[in-house]
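Colleague: What follows is a single structure, and I will ask about it in a moment.
The values are calculated or read from the model by the stated rules, or taken from the named source; none is laboratory data. Quick caveat: nothing in here was measured; it's all calculated off a predicted structure. Every residue, glycine as well, gets a Cβ built from its backbone with ideal geometry; the counts of neighbours run over all protein chains shown.
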Amino acid sequence: MPAVSRADARAAIVTGIAPAFAIFVFGTIYGATVGPQVGDDRTLLASVIVFSGALQFATARLLAEGASIPVILVAGALLNIRHVLLGAALRPRIEGSRVRRAALAWFMIDEAAGLALAAERAALVLFVTGAMGYLAWIAGTGLGLYGAELAELEDVADAVFPVLFTGLAAMSVRHRSDAVRTVAAAGITVVVAFVVPAARPILPAAAAAAVSLIGSDR
Amino acid sequence: MTLWGIVALAAITYGSRALALAVLPKPSERIQHLLERVPPPLFAGLAALSLFDEDGVLASAPTLGALCGAILASPFRSLPASLVGGAIGYLIGAVLS
């Protein structure tokens, strides 16, 4: 594996700034809204050892609706199916021992995985952007628990993720057929999510898997 | 939420991340070829979910504007271009709302 240059490290850090900012803002919202519900210690613990905004917010919502723990765990497993697809797509680009890959897997949030897939130094970008996201998430959660109010930035944070994912989709398109499948998957996701809201957690992964089986690469 | 519930969620999350990256063997060339197609539609699906929430309520005008701006910038196939397009779209959406 080639040595990491300062330029590569700097580029990875710059790449991670926008997602880290959005993750930080959502972290404060998570801490501020969920802390009173489940307690400060458990809220912070969840951010430290779960490190999944989508799952943590979904869990808080399910708890508020009175869902049982088994239901929450099943929802969590379904929501996390996309990680398996992203990990499989990243696998050929991440070399090294199983221990190294297992360590990198900790940082494999959606944003870091997407940036890594589009980068030349996949492992470096995964680690740096994932670590920035991790620190931002914990810091945001902590500040939210202790009274920071960044709700006025929620609209901005709300907009960052779809922009980021759209950019990542555009960057990872290699052929015209990729673009067609991308648009098709977005359309399928919108229609099915509208008709069957309960399917939202697994829709992106299911739609992506379905369209990926179709057609050739041109 | 119980402590063990949180630990179980952590195990599920890390397990899903580590399964393909560290546990399963490297996929065959054919499977790899199919997997290479997955990221663009997966990210597009994640972006598409932001159009409306679980109750079918449309996202705010600035968010919709940001998404449109990012889509219009997508032919550049560059993250900075998407962020700039998204920022311009966000501002337009904020002005119009």
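Every residue, every condition in (1) at negative phi; (2) buried (at least 19 other Cβ atoms within 10 Å of the Cβ), yes or no:
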site: A:34; (1), (2): yes, yes
site: A:51; (1), (2): no, yes
site: A:57; (1), (2): yes, no
site: A:68; (1), (2): yes, no
site: A:76; (1), (2): yes, yes
site: A:80; (1), (2): yes, yes
site: A:88; (1), (2): yes, yes
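Colleague: Residue by residue through the range A:61-110, note down the ones that are over 17 Å from residue A:50 (Cβ atoms), in a loop (DSSP other than H, G, I, E, B) and at the interface with another protein chain (Cβ under 7 Å from one of its Cβ atoms).
Modeller: A:94
Colleague: Right, another one. State which residue pairs qualify: first residue closer than 25 Å to residue A:209 by Cβ and inside the range A:61-86, second residue at pLDDT 90 or above and assigned to a loop (DSSP other than H, G, I, E, B) in any location, beta carbons under 6 Å apart, and separation of 6 or more residues or different chains.
Modeller: Going by the 6 Å Cβ cut-off, the qualifying pairs are A:85/B:38.
Colleague: Would you mind stating whether residue A:72 is over 13 Å from the mean Cα position of the chain (by Cα), closer than 30 Å to residue B:33 by Cβ, of a type in the set (A, V, I, L, M, F, W, C) and surrounded by 16 or more Cβ atoms within 10 Å (Cβ to Cβ)? Walk me through how you get there before you give the answer.
Modeller: Values: over 13 Å from the mean Cα position of the chain (by Cα): yes; closer than 30 Å to residue B:33 by Cβ: no; of a type in the set (A, V, I, L, M, F, W, C): yes; surrounded by 16 or more Cβ atoms within 10 Å (Cβ to Cβ): yes.
No.
Colleague: Are any of the residues in the range A:116-128 within 21 Å of residue B:80 (Cβ to Cβ), under 14 Å from the mean Cα position of the chain (by Cα) and within 8 Å of chain B (Cβ to nearest Cβ)? First the steps, then the outcome.
Modeller: Taking the range A:116-128 and keeping what is within 21 Å of residue B:80 (Cβ to Cβ), we get A:116-122, A:124-126, A:128.
Cutting the leftovers down to under 14 Å from the mean Cα position of the chain (by Cα) gives us A:116-117, A:126.
Cutting the leftovers down to within 8 Å of chain B (Cβ to nearest Cβ) gives us A:117.
Yes: one or more hits.
Colleague: When only residues in the range A:184-207 that are farther than 19 Å from residue A:81 by Cα and surrounded by fewer than 17 Cβ atoms within 10 Å (Cβ to Cβ) count, which is nearest to the other protein chains (Cβ to nearest Cβ)?
Modeller: Pass one, the range A:184-207, residues farther than 19 Å from residue A:81 by Cα: A:184, A:187, A:191, A:194-195.
Among the residues that remain, those that are also surrounded by fewer than 17 Cβ atoms within 10 Å (Cβ to Cβ) are: A:187, A:191, A:194-195.
On the way: A:187: 8, A:191: 10, A:194: 6, A:195: 10 Å.
Among those that are farther than 19 Å from residue A:81 by Cα and surrounded by fewer than 17 Cβ atoms within 10 Å (Cβ to Cβ), it is A:194.
Colleague: Filter the range A:1-53 down to the residues that are among the small types (Gly, Ala, Ser), in contact (Cβ under 8 Å) with a residue 40 or more places away in the chain and in a loop (DSSP other than H, G, I, E, B) and list them by number.
Modeller: Answer for the range A:1-53, where residues must be among the small types (Gly, Ala, Ser), in contact (Cβ under 8 Å) with a residue 40 or more places away in the chain and in a loop (DSSP other than H, G, I, E, B): just A:52.
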